[in-house]
Each structure stands twice: as structure tokens, then as C-alpha cells.
Amino acid sequence: MWISYRCGVTQQALAKKPLSYHDYFVKYAYALLPIALFYHLAHNMEHLLMEGPKVVALISDPFGWNWNLFGTAHWSIPPLVSLEVLWIVQIALVLVGHVYSLWVAQKTSVRLFGDHRSAFRSQLPMLAGMIAFSVFSLWLLKQPMEMHTSAM
């Protein structure tokens, strides 16, 4: 974030428009939130699509007392999608978060600097950081996960 600040503030100093690093950091922090949000959605999509169908059986025996309230306690419902489809959904979610973050960063930089050249220069280090976050998110999603109730 500091490199991004230095790249943008050099041109901004010519415009005599003071901007502290703290203000810059706070305003650009919002640009990283979509990556985190959509990563979170992609991660939880695995729980929803793979473990979600098990809720039907759990409704009949919510406390684990061998009840069968609705006659579904012994149902075995397969996951809603295959692992390949799940991976495609997760990639799509991370990409949507990444693109949305780029859009927020672009709007923020134009608002902060006014000048499109300074805005573009300030975004280059942020772009590199956002790409790193998105690639790390995809790598993390591809790691094996041990689920408590899943048969995967």
C-alpha cells in the first residue's frame, strides 16, 4: 500500500492537494474487501453444495436422539454438484470479487487524484497486490479440506 501511495502522491504533490498516508490507506482498504468477501463466499459454497443436502436428513433428528420426525433421518442425498463444477463456481466467485475490487480501486484513485495519469500510477502496485490476493485465494480453495459431516 505504501508503494502505491508513493506512486500516486508524487503527481498529487504538484496539484497542492495534501493527502496523508492514513487517509490513503483507509480509502483504499475498501478496494480489498470484495476480494475477501467473494473468497469467503467461494469457500462456503463448498459447504453449501457438498454438505447442504445433509440438512434434509438432520431435520428429522435435530438433536441426534435417533428421532425420525419427518421420515428423512436415514436419507442419503448426494452432493448437489461434482468437485469439478464446484471448482468452476469457486473460480468464478473469486474472479467476480477481483474485478469488483479493481473497479472500486479505480473509482477510489480517480476520486483521490482527479488526474487519470496519477490514478493509474497509484493503481499499479495495488493491482499487483490484488492479483497476489486472488491467486492465493484460489490456491487456498484448492487445498484439501476435512469436513466434519462430509463423505468426501
Could you look through the stretch 74-93, keep only residues that are in contact with a Leu (Cβ under 8 Å, 6 or more places away or on another chain) and assigned to a loop (DSSP other than H, G, I, E, B), and pick out the one that is surrounded by the fewest Cβ atoms within 10 Å (Cβ to Cβ)? 80
For the stretch 36-89, what are the residues that are more than 29 Å from the chain's Cα centre (by Cα), closer than 21 Å to residue 146 by Cα and of a type in the set (Ser, Thr, Tyr)? 76
Which one is modelled with the lowest pLDDT, of the residues in the stretch 100-111 that are surrounded by 15 or more Cβ atoms within 10 Å (Cβ to Cβ) and among the hydrophobic types (A, V, I, L, M, F, W, C)? 110
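Is it the case that residue 36 is under 24 Å from residue 112 (Cα atoms), in a helix (DSSP H, G or I), aliphatic (A, V, I, L, M) and at pLDDT 90 or above? Step through it out loud before you land on a result.
Values: under 24 Å from residue 112 (Cα atoms): yes; in a helix (DSSP H, G or I): yes; aliphatic (A, V, I, L, M): yes; at pLDDT 90 or above: yes.
In short, yes.
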Checklist (1) at pLDDT 85 or above; (2) over 21 Å from residue 35 (Cα atoms); (3) in contact with a Gly (Cβ under 9 Å, 6 or more places away or on another chain) applied to residue 83, failing item: (3)
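State whether the residues of the stretch 59-68 include one that is in contact (Cβ under 8 Å) with a residue 24 or more places away in the chain, surrounded by 14 or more Cβ atoms within 10 Å (Cβ to Cβ) and in a helix (DSSP H, G or I). Spell out how you get there, then give the answer.
Filtering the stretch 59-68 down to residues in contact (Cβ under 8 Å) with a residue 24 or more places away in the chain leaves none.
No, that holds for no residue.
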So for the stretch 86-95 (the condition being out of contact with any helix residue (DSSP H, G or I) (no Cβ under 7 Å at 6 or more places or on another chain) and free of Cβ contacts under 8 Å to residues at least 12 places away in the same chain), does at least one residue qualify? yes
Enumerate the pairs (first residue in the stretch 124-141 and without any contact (Cβ under 8 Å) to a residue 60 or more places away in the chain; second residue anywhere and surrounded by 13 or more Cβ atoms within 10 Å (Cβ to Cβ) and in a helix (DSSP H, G or I)) with beta-carbon separation below 6 Å, excluding pairs fewer than 6 apart on the same chain, so at least 6 apart or on different chains. 138/94
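Listed here are the residues, each with its yes/no results for (1) among the acidic types (Asp, Glu); (2) within 30 Å of residue 89 (Cα to Cα); (3) modelled with pLDDT of 85 or more.
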{"position": "21", "(1), (2), (3)": "no, no, no"}
{"position": "44", "(1), (2), (3)": "no, yes, yes"}
{"position": "51", "(1), (2), (3)": "yes, yes, yes"}
{"position": "54", "(1), (2), (3)": "no, yes, yes"}
{"position": "57", "(1), (2), (3)": "no, yes, yes"}
{"position": "72", "(1), (2), (3)": "no, yes, yes"}
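The values are calculated or read from the model by the stated rules, or taken from the named source; none is laboratory data. Values in this document were obtained by computation on a predicted structure and should not be read as measured data. Using ideal geometry, Cβ is built from the backbone for each residue, glycine included, and neighbour counts are taken over all protein chains shown.
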